[in-house]
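Here is the structure we will look at, set down as structure tokens.
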Amino acid sequence: MIEAKKISYQDIKALALKRIRNKTWPPGSIMPGEVELAGEFGCARATVNRAMRELADEGFIDRKRKAGTRIKASPTRHAKFTIPLIRDEIESSGATYRYALIRRDTPKTPDWLRARLALSLQADVLHLKCLHYAGSKPFQFEDRWINLDAVPKAAQQNFEMTGPNEWLVQEVPFTDVELTFSSMNADLQTAELLGVSEGAALFTIERITWLEKRPITFAKLYYFSGYQMTSRL
């Protein structure tokens, strides 16, 4: 038995992974319960539970109430995307970060945005268009909508010196995010801002964030030609 003072949920997770990979717990088998594992490792059941939750989130086990925890025959792999602040992304490349606010207004909430974010007819929004530079070269064009019902403080921000994403990260937590990746043909305005030909294919990300069930923001991000994003499995 491992001494209680030395065991942590990371230790239990590592030991469980070792048993899964060396087939001590074969694919498709039911693994020991939390009470049994807590007794074996000499720790609290809550410590085992946290380790099991992480293994389930990472796709190694399937937990079902009253049916036990089963080792997946084929582990589900999840892509991990790092979403850095645009300032950090640019500065980490060795370039100087620059930011420019192109437009700020509070229009009537468009129907497509109300439908996309499930907003009420009375919802107020802030619309921002910004350009981020790496040195003198355009890096990202940001077209962002902020739900003012969820983030009323944004109405008092002019965003002339600080980009909205940088401000939101400091002011508002989020619990959920949806990312959509696509290739879009640059319209005339986007082409001029990013210094590309009209119709050029641009890597584009649509990002929606929520705080619990309240939508915070919808952003469409257009990157310079040649931009790459790397994920890890």
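The values are calculated or read from the model by the stated rules, or taken from the named source; none is laboratory data. Since we're looking at a predicted model, the values are computed, not measured. Methodologically, a virtual Cβ is constructed for each residue, glycine included, from the backbone with ideal geometry; neighbour enumeration extends over all protein chains shown.
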Taking the condition among the charged types (D, E, K, R), surrounded by fewer than 14 Cβ atoms within 10 Å (Cβ to Cβ), at pLDDT 90 or above and out of contact with any Phe, Trp or Tyr (no Cβ under 6 Å at 6 or more places or on another chain), does Lys18 pass?
-> yes
Here are Pro164, Pro152, Pro215: which of them is assigned by TED's automatic domain parsing to the domain that holds Arg104, free of Cβ contacts under 8 Å to residues at least 12 places away in the same chain and closer than 19 Å to Leu128 by Cβ?
-> Pro152
Looking at (1) within 15 Å of Phe218 (Cβ to Cβ); (2) of a type in the set (S, T, N, Q); (3) part of a strand (DSSP E or B), find the lone condition where Gln140 falls short.
-> (1)
Consider Phe159 carefully, then state whether it is modelled with pLDDT of 95 or more and under 20 Å from Glu89 (Cα atoms).
-> yes
When you scan the range 151-233 for strands (runs of 3 or more DSSP E) that lie fully inside it, which ones turn up with 3 or more residues that are crowded, with 16+ Cβ neighbours inside 10 Å and out of contact with any Leu (no Cβ under 6 Å at 6 or more places or on another chain)?
-> 201-211, 214-223
Of the conditions (1) under 26 Å from Phe224 (Cβ atoms); (2) touching a residue at least 24 places away in the same chain (Cβ under 8 Å), Val172 clears all except one; give me its number.
-> (1)
Considering only the range 131-149, how many residues are farther than 24 Å from Glu192 by Cβ and either not charged (D, E, K, R) or not assigned by TED's automatic domain parsing to the domain that holds Thr217 (or both)?
-> 3
Please name all residue pairs, on different chains or six or more residues apart, with Cβ atoms under 9 Å, provided the first residue is in the range 48-67 and is more than 18 Å from Asp11 (Cβ to Cβ) and the second residue is among the basic types (Lys, Arg).
-> Gly59/Lys72; Gly59/Arg77; Asp62/Arg70; Asp62/Lys72; Arg63/Arg53; Arg63/Arg70; Lys64/Arg70
Tally, over the range 26-39, of residues that are more than 14 Å from Lys13 (Cα to Cα) and in a helix (DSSP H, G or I) | 3
Residue set Lys220, Lys108, Lys213; condition under 19 Å from Pro84 (Cα atoms) and of a type in the set (Lys, Arg); output residue Lys220
Tally time: how many residues in the range 63-80 are surrounded by 13 or more Cβ atoms within 10 Å (Cβ to Cβ), modelled with pLDDT under 90 and either in contact with a Ser or Thr (Cβ under 6 Å, 6 or more places away or on another chain) or among the charged types (D, E, K, R) (or both)?
-> 2
Within the bounds of the range 122-136, is there any residue that is modelled with pLDDT under 95 and in a helix (DSSP H, G or I)?
-> no
Glu198 being of a type outside the set (A, V, I, L, M, F, W, C), in the same structural domain as Ala100 (by TED's automatic domain parsing), touching a helix residue (DSSP H, G or I) at 6+ places or on another chain (Cβ under 8 Å) and farther than 22 Å from Ser92 by Cα | yes
What are the pairs, 6+ residues apart or on separate chains, where a residue within the range 82-99 that is at pLDDT 95 or above has its Cβ under 9 Å from a residue that is β-branched (Val, Ile, Thr) and not in a loop (DSSP other than H, G, I, E, B)?
-> Thr96/Ile90; Tyr97/Ile86; Tyr97/Ile90; Arg98/Ile90; Tyr99/Ile86
